[in-house]
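What follows is one structure encoded as structure tokens, with my remarks underneath.
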Amino acid sequence: MSVDVDAGANLQTIQENIRKAEMAAGRASGTTKLIAVSKTQDADAIRAVLAAGHRLFGENRVQEAASKWPELKAEFSEAELHLIGPLQTNKVKQAVALFDTIQTVDRPKLAKAIAAEIDRAGKSVSCFIQVNIGEEDQKAGVAPRDADAFISACRQDFNLPVTGLMCIPPAEEEPAPYFALLAKIAARNGLTEISMGMSADYEVAIAFGATLVRVGTAIFGPRRTTPE
Ligand SMILES: *Cc1c(COP(=O)(O)O)cnc(C)c1O
């Protein structure tokens, strides 16, 4: 290991910041869950965070998660894993087997494939819809104006267990208006889980109602490889 990172200490600091942000927003303590984003980190780095007592993790690639997590889940059976990166339909079977929540449902073909696989495998997997909140060409997700129709299609046509929304705001902009918009779309669709906020802006996301924040580098330090 080249970088000397105390993930346990980082984790504690972030949990404290989360509690403070909840309090500042007038929210009940413990209403925001921390997803430790472990993409590019090796099994030993992840094990250190598991050993510190953390159980909720996110990965953005199915293949990479499949190479690390079956073993880690065998060691730490209560570990919970969220998929936070794009999913191709040919990897749905593997994703349903590996993940407890898929946060990146963004098209009918994918929604249909996940619903069918959940049914076939008899495994319960929570699904979030990814919203392309800044309407950026390079980002995945359903456009904000199409979100309501897509959410109801997932529920009614595909019988998919949709429980939340996820977004990644434009990198170079003030995230607050985007967080506010995602929370508004969630509220009007009766969705209680809101996944938004990363290392640089999780406290802002909490002020706008995030129930899950996704933090990578602030816990693990720099990424080990280039993820994209
Ligand atoms: C990598 C990643 C994160 C974590 O980013 P950091 O800036 O390292 O906290 C959060 N969400 C998604 C979708 C990611 O791909």
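The values are calculated or read from the model by the stated rules, or taken from the named source; none is laboratory data. Note that the coordinates shown come from a computational prediction; the quantities given were computed from them, not determined experimentally. Virtual Cβ from ideal backbone geometry, glycine too; neighbours counted across all protein chains shown.
Brief remarks follow.
- Of all residues in segment 186-228, those that are among the basic types (Lys, Arg) and at pLDDT 95 or above total 2.
- Here the condition is being within 16 Å of the ligand (Cβ to nearest atom) and buried (at least 20 other Cβ atoms within 10 Å of the Cβ); of Ile185, Ile129, Ile151, it holds for Ile129 alone.
- Contacts under 9 angstrom Cβ, first residue in segment 148-174 being touching a residue at least 60 places away in the same chain (Cβ under 8 Å), partner of a type in the set (Lys, Arg) and within 16 Å of the ligand (Cβ to nearest atom), 6 or more apart: Met166/Arg214
- From the options Asp42, Asp100, residue that is over 26 Å from Leu181 (Cβ atoms), touching an Asp or Glu at 6+ places or on another chain (Cβ under 6 Å) and not β-branched (Val, Ile, Thr): Asp100
- Members of segment 122-159 that are aromatic (Phe, Trp, Tyr) and either assigned to a helix (DSSP H, G or I) or in contact with a Pro (Cβ under 9 Å, 6 or more places away or on another chain) (or both): Phe150, Phe158
- Filtered residue count, segment 132-143, keeping only those that are closer than 16 Å to Thr104 by Cβ, touching a helix residue (DSSP H, G or I) at 6+ places or on another chain (Cβ under 8 Å) and more than 15 Å from the ligand (Cβ to nearest atom): 1
- Within segment 1-14, considering residues that are in a helix (DSSP H, G or I) and β-branched (Val, Ile, Thr), the one surrounded by the most Cβ atoms within 10 Å (Cβ to Cβ): Ile14
- Test: residue in segment 20-32 that is of a type in the set (Asp, Glu) and closer than 18 Å to Met196 by Cβ: yes
- All positions within segment 156-182 that are touching a helix residue (DSSP H, G or I) at 6+ places or on another chain (Cβ under 9 Å), away from the ligand (no atom under 15 Å from the Cβ) and not hydrophobic (A, V, I, L, M, F, W, C): Asp157, Asn159, Pro161, Glu174
- For segment 66-88, the set of residues classified as surrounded by 14 or more Cβ atoms within 10 Å (Cβ to Cβ) and over 16 Å from Asp44 (Cβ atoms) consists of Ala66, Glu80, Leu81, His82, Leu83, Ile84, Gly85, Pro86, Leu87, listed by residue number.
- Where Ala24 falls short, out of the listed (1) surrounded by 17 or more Cβ atoms within 10 Å (Cβ to Cβ); (2) over 23 Å from Thr225 (Cα atoms): (1)
- Contact map, segment 86-97: residues that are more than 18 Å from Trp69 (Cβ to Cβ) paired with residues that are among the charged types (D, E, K, R), Cβ distance under 8 Å, separation 6+ or inter-chain. Pairs shown: Thr89/Lys109.
- Residues satisfying the stated conditions in segment 100-123, i.e. surrounded by fewer than 18 Cβ atoms within 10 Å (Cβ to Cβ) and either in contact (Cβ under 8 Å) with a residue 60 or more places away in the chain or in contact with a helix residue (DSSP H, G or I) (Cβ under 7 Å, 6 or more places away or on another chain) (or both): Pro108, Lys109, Ala121, Lys123
- Selection from segment 192-228 of residues that are more than 13 Å from the ligand (Cβ to nearest atom), assigned to a loop (DSSP other than H, G, I, E, B) and within 25 Å of Val62 (Cα to Cα): Thr211
- If the condition is being under 15 Å from Gly221 (Cα atoms) and of a type in the set (A, V, I, L, M), then segment 40-56 contributes Ala43, Ala45, Ile46, Ala48, Val49.
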